[in-house]
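Taking it in order: structure first as structure tokens, then the write-up.
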Amino acid sequence: MFNVKNFPRKKLSWWLKHESDIDFESDFQRTDRVWKSTEQAFLIDSILNNFEIPRIYLIDFSRHDIPAMNRRRKRFAVIDGKQRLTAMLAFLHGRTKLARQFHIESDPQLKLGGLRIDDLKAQKPRVARKISDFAPEVRIIESDDRARVQDFFLRLNKASKALNGAELRNAFIEEAVDSIRLLAKHPFFRQKIRFDTSRSQEKNAAAKILLLEYESGPAETKKKNLDGFVRRPGLANTGRFKKAVKRVNRYLNMMCRVFQDQDFLLDAQGHVPLYYLFLTRLRAADRAKVRAFIVDFEHRRTKYRNQTGGPVDAALSRYDLASRTTNDRNSINTRLQIIRKKYASWRN
């Protein structure tokens with residue numbers, strides 16, 4: 001069964017009372033990122049100036065529960081519109097305020113910039129009521145079929161915004177994707193990496209190292225390869241896959257000891273799969289000092305890349321050339337061989 005219908009129009013004050021019934025962190029959500037204060041203020045500006053607000057999509061589990069999707073046992077789960085609904089409720093909680101230059105177009109002389117909801121209630125209750133009485137358009141999905149819900153989400157987002165590979169993959173229902181979500185929450189990805197995660201880049205990196213571990217070495221890590229990997233029938237139930245997940249968790253613990261918090265060495269997603277293969281195949285005795293080597297190696301790469309004239313380092317030239325296509329098996333293999341040789345020379 002699959003049905004999409006309009007939910008009876010409810011004021012924001014109603015949604016505020018039922019906020020605890022909503023799962024804002026369903027598996028379909030892109031990221032933990034919250035809109036900036038300027039973005040939230042702009043939405044409130046749009047409401048007060050009578051601009052149309054895009055509809056919100058929720059799953060309603062009250063009639064047809066899907067335990068695999070309703071992990072937090074809520075009535076609703078947000079499919080699309082999390083940031084909009086969060087921003088509206090945040091304003092009613094008093095956590096955000098109107099933009100400093102805010103004005104109501106129908107009454108430009110009214111000075112409301114920088115006010116919060118309590119200020120509005122005290123000074124301009126009519127304006128405050130306009131926000132609390134605003135009734136966003138909400139569409140409800142009722143279904144007992146997780147695959148249909150997934151398909152709806154993908155079609156909805158392909159039509160409205162460009163999702164990257166990691167965001168689309170995050171909506172897959174395969175159990176292997178659940179393992180990737182858990183790996184992406186490892187302290188290594190929470191604390192050590194320095195690259196942007198606003199578009200689920202950490203999930204992409206987690207998927208790549210799991211694939212590499214599963215294949216026991218260099219492999220193609222393009223979108224089509226990652227998608228094909230997680231969608232293999234029965235993959236998550238195989239002993240080989242389960243052992244790979246355990247090894248990845250164990251090796252990520254080790255990498256947490258190698259790298260610093262917000263490490264500049266991890267400022268790009270493409271570094272993670274290579275460093276993973278390099279470090280996990282080192283002797284345990286070498287791992288304590290390997291970060292010093294990586295710092296020196298990256299310093300030499302930068303210096304060599306910026307030099308004009310001087311001696312040619314064929315290995316570094318090949319490394320930089322291979323770095324242009326970081327998801328190719330040959331690129332990973334080439335860079336891995338070079339960094340291993342450079343480490344052996346550095347250590348000796």
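Taking 2.2 N^0.38 Å as the expected size of a compact globular protein, what ratio does the Cα radius of gyration of the chain give against it, to two decimals?
Expressed relative to 2.2 N^0.38 Å, the Cα Rg reads 1.23.
Looking only at Glu19, Glu52, Glu220, which one moves most when the chain is put into a Gaussian network model with springs between Cα atoms under 10 Å?
Glu52
Over the stretch 205-347, what is the relative contact order in percent, taking alpha-carbon pairs closer than 8 angstrom and at least six residues apart? Before the final figure, lay out each step's value.
Values: 90 pairs, mean separation 45.4, N = 143.
Over the stretch 205-347, the number comes to 32 percent.
Which percentage, to the nearest 5, of the DSSP beta bridges contained in the stretch 2-161 is antiparallel?
So the antiparallel bridges in the stretch 2-161 amount to around 60 percent.
When the Kirkwood hydrodynamic radius is evaluated over all pairs of different C-alpha atoms of the stretch 1-150, what value in angstrom, to one decimal, is obtained?
Details: mean 1/r = 0.0611 Å⁻¹.
After inverting the mean inverse Cα-Cα distance, the result is 16.4 Å.
Distance from a point 7 Å along Cα→Cβ of Arg148 to each backbone N in the stretch 76-90: keep the residues under 16 Å and list them by number.
Under 16 Å, as judged by backbone N against the label point of Arg148, lies no residue of the stretch 76-90.
Which percentage, to the nearest 5, of the DSSP beta bridges contained in the chain is antiparallel?
Among the beta bridges of the chain, antiparallel pairing accounts for roughly 60 percent.
Between Phe7 and Ala236, what is the spin-label point distance in nm, taking each point 7 Å from the Cα along the Cα→C-beta axis?
Calculated label separation equals 2.6 nm.
As a footprinting exposure proxy, order Met1, Met88 by other Cβ within 10 Å, with the fewest listed first. Let's see the in-between values first.
Numbers: Met1 9, Met88 25.
Ascending Cβ contact count within 10 Å gives the list Met1, Met88.
Report the charge-dipole magnitude of the stretch 205-347 in Debye, nearest 20, computed about the Cα centre from +1 at each Lys and Arg Cβ and -1 at each Asp and Glu Cβ.
The dipole of the stretch 205-347 has a size of about 500 debye.
Using Cα pairs under 8 angstrom and six or more residues apart, how large is the relative contact order of the chain, in percent? Provide the component values of the computation, followed by the final result.
Values: 425 pairs, mean separation 59.2, N = 348.
Computed value for the chain: 17 percent relative contact order.
Given 0.36 nm per residue, what is the gain on full extension from Asn306 to Arg347 after removing their alpha carbon distance, in nm?
12.2 nm
For the chain, take the longest principal axis of its alpha carbons; what is the angle in degrees between that and the long axis of helix 271-280, to the nearest 10 within 0 to 90?
Orientation of helix 271-280: about 50 degrees from the principal axis.
Compute the angle between helix 175-184 and the longest alpha-carbon principal axis of the chain, please, reported from 0 to 90 degrees and rounded to the nearest 10.
Long axis of 175-184 versus the principal axis of the chain: about 80 degrees.
What is the distance, in nm, between label points placed 7 Å from the Cα along the Cα-to-Cβ direction at Glu175 and at Arg318?
Going by the 7 Å Cα→Cβ label model, 4.3 nm.
The stretch 251-266 to the stretch 198-246: how many Å between their Cα centroids?
20 Å
What fraction of the Cα pairs in the stretch 245-348, stated in percent, has a spacing above 24 angstrom?
When all Cα pairs of the stretch 245-348 are counted, 23 percent exceed 24 Å.
Listing Asp296, Asp60 from the residue with the fewest other Cβ atoms within 10 Å to the one with the most, what is the order?
Working: Asp296 13, Asp60 18.
With the fewest neighbours first, Asp296, Asp60 line up as Asp296, Asp60.
Every read-out reported here was derived from the displayed coordinates using simple, explicitly stated rules and does not represent laboratory data. A quick note: this is a predicted structure, and the numbers were derived from the prediction, not measured. A quick note on method: Cβ atoms are made from the backbone with ideal geometry, for glycine too, and the neighbour counts reach across all protein chains shown.
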